[in-house]
1. Which residue pairs have Cβ atoms under 6 Å apart, sit 6 or more places apart or on different chains, and have a first residue in segment 73-93 that is part of a strand (DSSP E or B) and a second that is hydroxyl-bearing (Ser, Thr, Tyr)?
2. Quick one: count up the residues across segment 266-299 that are closer than 21 Å to His128 by Cβ and either hydrophobic (A, V, I, L, M, F, W, C) or surrounded by 23 or more Cβ atoms within 10 Å (Cβ to Cβ) (or both).
3. Look at Gly54 and say whether it is in contact with a Lys or Arg (Cβ under 9 Å, 6 or more places away or on another chain) and outside any helix (DSSP H, G or I).
4. For Glu80, all conditions in the list (1) more than 19 Å from Thr231 (Cα to Cα); (2) of a type in the set (D, E, K, R); (3) modelled with pLDDT of 95 or more hold save one; what is the number of the exception?
5. Is there a residue being touching a strand residue (DSSP E or B) at 6+ places or on another chain (Cβ under 9 Å), closer than 12 Å to Asn52 by Cα and in a loop (DSSP other than H, G, I, E, B) anywhere in segment 122-131?
6. Checking His75 against (1) on the phi > 0 side of the Ramachandran plot; (2) modelled with pLDDT under 95, which test does it fail?
7. It is to be established whether one or more residues within segment 45-60 are surrounded by fewer than 17 Cβ atoms within 10 Å (Cβ to Cβ), out of contact with any strand residue (DSSP E or B) (no Cβ under 9 Å at 6 or more places or on another chain) and without any contact (Cβ under 8 Å) to a residue 40 or more places away in the chain.
8. Restricting to segment 119-144, count the residues that are in contact (Cβ under 8 Å) with a residue 60 or more places away in the chain, more than 15 Å from His198 (Cβ to Cβ) and of a type in the set (A, V, I, L, M).
Amino acid sequence: MYYQWTGRVDENAKGKRIHQVVQNTDINDLKKRSQKCLGLVGFECDEGVKRNKGRIGASQAPNEIRRLLASLPYHFVDMEIIDIGNVQCIDNDLEEAQAQLGKKVAQLVKNNYIPIILGGGHETFYGHYLGARGALGHDKKIGMINLDAHFDLRNDDIPSSGTMFRQILENDKNTEYLCIGIQELGNTEQLFLTAKDHDVKYIMEKDIHPLQQTFAKIDEFANEQDYVIYTVCTDVINQAYAPGVSAPAPFGLDPKTVRAITEHVVKQENFLSIDISEVNPQYDVAEKTVRLISYLIAETFMHINSSKR
């Protein structure tokens, strides 16, 4: 299902808006590009959040983000942007939805598109990872960077939005994990022990500043990987700025910090893909959260373009 991109048009004025340049494209019609392009895909799913006993509603996010993204100015000219539509979670079959997302992400990567995935609950990331691994093969080392208040290393019997990184680390020894923004009140003692057992690298929320120190840790981590895949869990942001999330964070990060870290990650030479997860329009206030994330994505377009991959 494709989103119908519409928005404001400035007659007789220089420049375009994002809705005027995004092209809805059938995934089966992709042809390998000679230069990097951008590929949007949505994940209409919050089954993982439901299993994790969180506030459901994130399945509404992909199209709500597109709606506010559509009319933002388009400030670059040499990068194609396509939208291959949404993957839906049908009959609560999370695992099948993640597999389908993985297939689409893999096709984007193989055709030289940088996937930008609009979640969905944070279970989105498992499909994101499946796509990266499917495209790269098993010999490449993948570094996973998660901007999040939570480790998502739960040892539950049923996969959810809180189990993905444990699932991956236990089954793929060619991956490493860096989590930025961890809060003590967002994680039990067991989760810190699990992080230690899996040699997870992390930066506590209270230790993110000064940012140059955090950037140095990101650089060190990225330099040890063949590729970096990045996920932003929106509940890392202070709930004053992002009330529309599955798990609000009173002591979360301010938007400018999230913006700076995201810019630094996507400008890494081995950056591969990004997802934005846990936006929950059902609990948003005056579209604060959706608008913030639409701006973050638009800036991500510009940062990727400016890095001249």
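1. Ile82/Thr25; Ile84/Thr25; Gly85/Tyr2
2. The number of residues fulfilling the criteria is 19.
3. The answer is no for Gly54.
4. Single failed check for Glu80: (3).
5. Yes; the residues of segment 122-131 include at least one that is touching a strand residue (DSSP E or B) at 6+ places or on another chain (Cβ under 9 Å), closer than 12 Å to Asn52 by Cα and in a loop (DSSP other than H, G, I, E, B).
6. Going through (1) on the phi > 0 side of the Ramachandran plot; (2) modelled with pLDDT under 95 one by one, His75 breaks only (1).
7. Scanning segment 45-60 turns up at least one residue that is surrounded by fewer than 17 Cβ atoms within 10 Å (Cβ to Cβ), out of contact with any strand residue (DSSP E or B) (no Cβ under 9 Å at 6 or more places or on another chain) and without any contact (Cβ under 8 Å) to a residue 40 or more places away in the chain.
8. Of the residues in segment 119-144, 2 are in contact (Cβ under 8 Å) with a residue 60 or more places away in the chain, more than 15 Å from His198 (Cβ to Cβ) and of a type in the set (A, V, I, L, M).
The values are calculated or read from the model by the stated rules, or taken from the named source; none is laboratory data. All values reported here derive from a predicted model rather than from experimental measurement. As a convention, Cβ positions derive from the backbone with ideal geometry for all residues, glycine included, and neighbour counts pool all protein chains shown.
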